[in-house]
Structures are given as structure tokens and as C-alpha cells.
1. Taking K and R as +1 and D and E as -1, what net charge do the other residues with C-beta under 10 Å from the C-beta of His17 add up to?
2. Please work out the FRET efficiency for the pair Lys47 and Phe180, using the Cβ-Cβ distance as r and a Förster radius of 35 Å; give the result to the nearest 0.05.
3. Which trypsin sites (Lys or Arg not before Pro) from region 21-59 combine a DSSP loop assignment with at most 12 other Cβ atoms within 10 Å?
4. If each residue of separation counts as 0.36 nm, what is the full-extension length gain between Ile248 and Val39 once their alpha-carbon separation is subtracted?
5. Show the residues, 5+ positions off or on another chain, whose built amide H is closer than 5 Å to the amide H of Lys101.
6. Leaving out ligands, DNA and RNA, and with a 1.4 Å probe, what % of the accessible surface on the chain is carbon or sulfur?
7. Check the chain and count each lysine pair with an alpha-carbon distance under 30 angstrom, considering only pairs eight or more places apart or from different chains.
8. GNM, the chain, Cα, under 10 Å: largest mean-square fluctuation among Thr75, Thr181, Thr86?
Amino acid sequence: MVFCAMLWSIAGLLINHIPMNSFVIAGGRSLFAAMTVVVFMAFTKQKFIISRDTVISGVLLCGVFLCFVGANKLTTAANAIVLQYTAPIFVLIFSLVFLHKKPRPFDVAAVLLTLVGVALFFIADIDAGKMIGNVVAVIAGAFFGGMFVAVGNTKGEEKMSGILLAHIFCACIGLPFLMFTENTVTLEGVSLVAVLGIVQLGIPYILYALASNHCSTISCVVISALEPIFNPVWVAIIDHEIPSPLAIGSGVFLIAVITVYSVLDEKFDKKSA
């Protein structure tokens, strides 16, 4: 799970160095990721399952992929990843709206604190371009949260099938933009997209699937916090893209809120079981 989170965290750095349209990057990344997942499923003899749950998870995860790459192009890498990290709060909201699951007092507190953190991000980036990127990043978090709610009952081979469908959908949506955008395809750019697809997206999701079979949900959630922590670190070291002090403080605040909430949520679930 640690390796998974660390590989996820290089996304912002690589995306910033690819001079292509965000849809093309997302589509190309998913194309290479899909090939990686297919090889893994063939090696482990997993069947490709198309069901309501795998299609829904595929659509929602595709939305995450498209919005995340777009957000990285429109705002800072730090903002893009940390705002996507609001997904657990959307899980709570969607559970209330669609599943009529009554929130607990600490659920409401977590939502309110998260809204405060998100508001600080928008105050930190008054520039219109970055604000649009922040909105797209929050939408990515909503897609991610929706996926967890919609496919909470998927098991076994359905997990990898849903991930594979997401990559297929994303490739089908993103790659056609090659015909409608400026042709900036270079060997270097394609190579970076391949690294994104295989190393940053394909392999980590396989590691996550394997880790989830041996680690508790809370362990995966807490360890995954390494991604929003290290994502802006790599960008700051290589590209010298330093978030504003307010954005850094907001990020630390949001990560702390979500991590503490995830720990408490797991604890209360065990007590009620």
C-alpha cells in the first residue's frame, strides 16, 4: 500500500511536463493502464465481468481520471490532489441523499470542517484559472466518493473489471480529442504518458487491489494519505512549484480532518458490528 501511494503521488509532476490537452493525456494514460490491467488479469486468470456494478464503477472512476488530469492543468498539483482527497466526505453526503443513511454527529462535524478547508483553498487561489481547476478537482472527489457508494458491494473479480472498464471508457473519451486539439504529440510526451499509465496508474491499482486483501480498510485509507503529502513535494523539488502558505495550511488541515474522520468511522463501525 505504501508503494501504491508513492506511485500515485508522481502524477502531478509528470502531467506538468506533458504539453498535450488534458483529455488526450487522460485517454492515453488510461490506454496504457488498461493494457497493464489486462496483463495482470490474464496472469492471475481473472474473468472480465460486465455487470451493473462494474459499469457504474467504471463510469464514475472514468470521471475521476478525466477531472484529475484536467485539474492538474488548471491549478497547482497540490490543490488538485488534496481537493480530490475530499472523496470520503462525498461518500457521506451521497449515502445520506441516495441511501437515506442518517449521519452521526461526528459525520456532520467532518463535513463542516471539510467545507472550511475547501473554502480556504479557494480563498488562497483567487485567480480565475486556478479557481476553475479547484472546482474540477472537487468534482473529481465527488466522482470518487460516488464510486465508493455505488459499488460498495462489488467483490473479487468485479473490482479489477470495474477498474478496467474505467480505463476503457476514459481512453474512448479522451483519445478522440487528438483530432480537435493542437497536435503536440512528441516521442517524449508519449513516453511520459506511457509512464503515467503503467507506473503511476496501472501498477498502483493492482497493488491497491492486492493490499486490500491483506490490510484493513482503515490501514489503506491512512497509508493513502502519503499521496496528497508527496504529490506537491515532488513538484516543488523538480519544478519549484510552491503552493501559497494558505494553500499548504489548508492541505494539512484537510488531510488531517479526512484521516481522523476515517479512523473514527472505522472505530464506530466495529463497535456497532
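The values are calculated or read from the model by the stated rules, or taken from the named source; none is laboratory data. Since the model is a prediction, treat every value here as computed from it, not as a measurement. Virtual Cβ from ideal backbone geometry, glycine too; neighbours counted across all protein chains shown. What goes into the accessible areas is simple: the full protein's heavy atoms, side chains included, and nothing from ligands, DNA or RNA. Shrake-Rupley method; radii C 1.70, N 1.55, O 1.52, S 1.80 Å.
1. Neighbourhood net charge equals -2.
2. Efficiency, from the Cβ-Cβ distance: 0.45.
3. Lys45, Lys47
4. Going from the current span to full extension adds 71.3 nm.
5. Here the answer is Leu96, since their amide H atoms fall under 5 Å of that of Lys101.
6. 75
7. Lysine pairs meeting the criterion: 22.
8. Thr181
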